[in-house]
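Chemist: This is the structure I have questions about; it appears just below.
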Number of protein chains: 2
Amino acid sequence: MTAIIDPWGSVLVKDYEKIIKDFGLEIFTPKTFPKPNRIMRRGVVFAGRDLKRIAECLKKKKKFYALSGIMPSAEKIHFGNKMVVENLRYFQDHGAKTYILIADLEAAATRDISLEEAQKRALNFHIPAYIALGLDPKKTIFYFQSENRKVMNMGYEFAKKVTLNEFRSIYGQADPSRIMAAVLQSGDMLYPQTVEKMPGIIPVGVDQDPHVRLCRDIISRTRVKYDFVPISSLYHKFTPGLDGSLKMSKSKPGSCIELPEDIKSITKKIKAAKTGGRETVEKQRKLGGKPEECMIFELYKQHLINDDKELQKIYDKCKKGKLTCGEDKAHCIEHFKMFMQTFYANLEKARKQVSKLKFIR
Amino acid sequence: MTAIIDPWGSVLVKDYEKIIKDFGLEIFTPKTFPKPNRIMRRGVVFAGRDLKRIAECLKKKKKFYALSGIMPSAEKIHFGNKMVVENLRYFQDHGAKTYILIADLEAAATRDISLEEAQKRALNFHIPAYIALGLDPKKTIFYFQSENRKVMNMGYEFAKKVTLNEFRSIYGQADPSRIMAAVLQSGDMLYPQTVEKMPGIIPVGVDQDPHVRLCRDIISRTRVKYDFVPISSLYHKFTPGLDGSLKMSKSKPGSCIELPEDIKSITKKIKAAKTGGRETVEKQRKLGGKPEECMIFELYKQHLINDDKELQKIYDKCKKGKLTCGEDKAHCIEHFKMFMQTFYANLEKARKQVSKLKFIR
């Protein structure tokens, strides 16, 4: 097993090695795609499927698409969404036709809110939030699942192509609403190919891989009728919980910072976060800290610090014992302050752009 | 258990008593609805659900709808479709808003033909055939499942309301495509209520009752969000197989006459059909025939003879031993000849009307 390349070290390496092995994923390295973005360079993007197909498109400037979705049920988004936007933007800047679907149908089916409410929430918050995080609204094609006839049609057709046992083996369960959501998502991922056949990549959190696997199975079973190009996928790591767990989770609010969240609440959580510090300040000064085990450093790497050199400086300073955890947390809180201020300002601007967006209807 | 009222007797009474008991259906009698049509009077229509609700609409001239569907995958239709049309026409003549859905999505999902092919077949054959059988095209609202956004949206939402075990207990199995087809059909049955809330009745063969049950369960579980009026249903008996089995079945071609079918093939099948005749002509002359066990009489009753008095005459003549099975079969073949001639002529006329139909799109 090749180690995951992660230039600044990472917590939970073993978990990701296991995921790669269990799911049979391809390893992503900073050399996989040309001119990798920040999270590609830093090993936060770590795996995918059928990556060569997209590398080829990037290198030879061939047509391809990038697609991801917004679930408009929750009141807030999370840092995983930020990474999705960052990767979509990368592909967009490299010539991909970019799609964002709003999963209003899935939201209505799984959360018991009406389609109208789901759409309202998406227009008021989720879409502006994605734009605020860096999505270029002028170059992106948006659609609502509930309004995309081809997507819904394919969902119904694809159900014929999968057995109950397969759903169980892929998802661990097979209740009717999960089946519907899954086949609908396959419809989403292939929709751009009903407009124009071409390779496509789905940048998402690695927890979404079951949907990609199902879709690839469906592609191989509808070859005669549709002849879709197998889709590629790109996975980023989870943002780990502030307590050092694999991922931030709303069920443990102390482990999790949402988007947006007020700075008082963030401050409290950061002060309680797990670091790579030693038992005493003396020991830390003498032996140095362990940034590869530090949640604060992980936040810098994944989200808060854009400049590689600045990140490297912090890493070195910590390693040499010249940075105490207290100082570092205060520094982190400052970064969050700036981040949230910028986010709110961008969100306000983005809300004004929503009326100008291109929706497929 | 009240006996099924069936003025001219019927084969397979026990089977239908069992169906009523097993499914918990209401018994339909010629007195259930005012001015019953031919198959209602003759006990061919034998059961339903929530019939009082529709009787009330009929008597007090309240708004209601009648809806049924066309499956455009098969090359031909069958005599069950004819009974559906007859009942739809009854409701239409009594003021019902009438809907016909074309199940192109279900056809494409279950038969592996494209949506385009399913739609083409429906427009070329199935819709004209329904008109040829008596549906009034001017008073009927048609739609394709694949083009009805609300129906598809509801299908996806409804999946959340049913567990896998319920599907199993209703349908005997729960493969993904059956689940999808079932929730989609619930969407169909309730679609008219998204336009205007009112009672509705679904006239279908009794084998469709599982879909109605599922829909009624879904109605009771979506009360807060939708508050649909529970749907009613009306069931006709199967046209029995020519060999005396419960229903005509394509898997036993000798038992089954399709629409259309050429008269040579019909003649051969009718000659081999089971009758209520005695072992010898002498015995028949002496003891009389048993029309209630005769497939030819069943065809007269269900399909070929419109006039009740004519039907009564044949019944009496047979009972008195004044009609041999050979004569009767020749008579039946003549009726089929006329029926098919009329059907073909009407089909040609109806094909010209298709372009003028009202489709919801």
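Chemist: Looking at B:Met83, is it more than 9 Å from chain A (Cβ to nearest Cβ) and either over 24 Å from B:Asp209 (Cβ atoms) or not in a loop (DSSP other than H, G, I, E, B) (or both)?
Modeler: Details: more than 9 Å from chain A (Cβ to nearest Cβ): yes; either over 24 Å from B:Asp209 (Cβ atoms) or not in a loop (DSSP other than H, G, I, E, B) (or both): yes.
Against the criterion (more than 9 Å from chain A (Cβ to nearest Cβ) and either over 24 Å from B:Asp209 (Cβ atoms) or not in a loop (DSSP other than H, G, I, E, B) (or both)), B:Met83 qualifies.
Chemist: Can you find a residue that is modelled with pLDDT of 95 or more and over 21 Å from the mean Cα position of the chain (by Cα) anywhere in region A:237-248?
Modeler: No.
Chemist: Let me ask something else about it. Looking only at residues in region B:95-143 that are hydroxyl-bearing (Ser, Thr, Tyr) and in a helix (DSSP H, G or I), which one is farthest from the other protein chains (Cβ to nearest Cβ)? Reasoning before the result, please.
Modeler: First pass over region B:95-143, keeping only residues hydroxyl-bearing (Ser, Thr, Tyr): B:98-99, B:110, B:114, B:130, B:140, B:143.
Still in the list and also in a helix (DSSP H, G or I): B:110, B:130.
Values: B:Thr110: 6, B:Tyr130: 23 Å.
Checking each candidate, the answer is B:Tyr130.
Chemist: Please state which of the following conditions A:Gly80 fails to meet, knowing it meets all the rest: (1) in contact (Cβ under 8 Å) with a residue 12 or more places away in the chain; (2) farther than 13 Å from A:Gly205 by Cα; (3) surrounded by fewer than 23 Cβ atoms within 10 Å (Cβ to Cβ).
Modeler: The one condition A:Gly80 does not meet is (2).
Chemist: Being at pLDDT below 95 and surrounded by 20 or more Cβ atoms within 10 Å (Cβ to Cβ): is that true of B:Ala109 here? Working first, answer last.
Modeler: On the way: at pLDDT below 95: yes; surrounded by 20 or more Cβ atoms within 10 Å (Cβ to Cβ): yes.
Yes.
Chemist: Return the pair list, or none, for Cβ contacts closer than 7 Å from residues in region B:187-209 that are outside any helix (DSSP H, G or I) to residues that are modelled with pLDDT under 95 and buried (at least 18 other Cβ atoms within 10 Å of the Cβ), at least 6 apart or on different chains.
Modeler: Listed by first residue and then by second, the contacts come to B:Gly205/B:Gly80; B:Gly205/B:Phe238.
Chemist: Any idea which residue in region B:200-250 is nearest to B:Ile27 (Cα to Cα), counting only those that are of a type in the set (S, T, N, Q) and surrounded by fewer than 19 Cβ atoms within 10 Å (Cβ to Cβ)?
Modeler: Keep residues of region B:200-250 that are of a type in the set (S, T, N, Q), which gives B:208, B:220, B:222, B:232-233, B:239, B:245, B:249.
Then drop every residue that is not surrounded by fewer than 19 Cβ atoms within 10 Å (Cβ to Cβ), which leaves B:208, B:220, B:245, B:249.
Working: B:Gln208: 16, B:Ser220: 23, B:Ser245: 22, B:Ser249: 25 Å.
The residue in question is B:Gln208.
Chemist: In addition: Within region B:267-277, track down each residue that is modelled with pLDDT of 95 or more and buried (at least 18 other Cβ atoms within 10 Å of the Cβ). Steps first, answer last, please.
Modeler: Step one: list which residues in region B:267-277 are modelled with pLDDT of 95 or more, which gives B:267-275.
Within region B:267-277, B:Lys269, B:Ile270, B:Ala273, B:Lys274, B:Thr275 meet the criteria.
Residue by residue, here is whether (1) at pLDDT below 95; (2) buried (at least 18 other Cβ atoms within 10 Å of the Cβ) holds:
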{"site": "B:Phe297", "(1), (2)": "no, yes"}
{"site": "B:Ile305", "(1), (2)": "no, yes"}
{"site": "B:Asp308", "(1), (2)": "yes, no"}
{"site": "B:Lys322", "(1), (2)": "no, no"}
{"site": "B:Lys349", "(1), (2)": "no, no"}
{"site": "B:Lys352", "(1), (2)": "yes, no"}
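Chemist: Additional query: For region A:144-156, check the following and say yes or no: at least one residue is modelled with pLDDT of 95 or more, within 24 Å of the chain's Cα centre (by Cα) and more than 11 Å from chain B (Cβ to nearest Cβ).
Modeler: No, the conditions are met nowhere in region A:144-156.
Chemist: Something else about it: Output the residues belonging to region B:326-338 that are surrounded by fewer than 19 Cβ atoms within 10 Å (Cβ to Cβ) and not charged (D, E, K, R).
Modeler: Correct list: B:Gly326, B:Ala330, B:His331, B:Ile333, B:His335, B:Met338.
Chemist: Among the candidates A:Lys264, A:Lys197, single out the residue that is modelled with pLDDT of 95 or more, surrounded by fewer than 21 Cβ atoms within 10 Å (Cβ to Cβ) and within 29 Å of A:Val151 (Cβ to Cβ).
Modeler: After applying the criteria, what remains is A:Lys197.
Chemist: What's the number of the only condition in (1) within 14 Å of the chain's Cα centre (by Cα); (2) part of a helix (DSSP H, G or I) that A:Gly69 fails to meet?
Modeler: (2)
Chemist: Taking only pairs six or more apart or across chains, which ones have beta-carbon atoms under 8 Å, a first residue in region B:303-326 that is under 19 Å from B:Lys82 (Cα atoms), and a second residue that is of a type in the set (S, T, N, Q)?
Modeler: Cβ pairs passing all conditions: B:His303/B:Thr239.
Chemist: Are any residues in region B:158-179 farther than 22 Å from A:Asp112 by Cβ, in a helix (DSSP H, G or I) and within 7 Å of chain A (Cβ to nearest Cβ), and if so, which ones?
Modeler: First, the residues of region B:158-179 that are farther than 22 Å from A:Asp112 by Cβ: B:168-178.
Checking the rest, the ones that are also in a helix (DSSP H, G or I) come to B:168-171, B:176-178.
B:Pro176, B:Ser177, listed by residue number.
Chemist: Considering (1) in contact with a His (Cβ under 7 Å, 6 or more places away or on another chain); (2) more than 11 Å from chain B (Cβ to nearest Cβ); (3) surrounded by 22 or more Cβ atoms within 10 Å (Cβ to Cβ), say which one A:Ala182 fails and leave the rest.
Modeler: (2)
Chemist: OK, next. Where in region A:229-313 are the helices (runs of 4 or more DSSP H), entirely inside, with at least 3 residues that are within 22 Å of A:Ala47 (Cβ to Cβ)?
Modeler: Working: elements: A:263-271, A:281-287, A:295-299.
Because the criterion is at least 3 residues that are within 22 Å of A:Ala47 (Cβ to Cβ), the helices (runs of 4 or more DSSP H) in region A:229-313 that meet it are A:295-299.
The values are calculated or read from the model by the stated rules, or taken from the named source; none is laboratory data. The model shown is predicted, which means the values in this text are computed figures rather than measured ones. Glycine also receives a Cβ, built like all others from the backbone with ideal geometry; neighbour counts cover every protein chain displayed.
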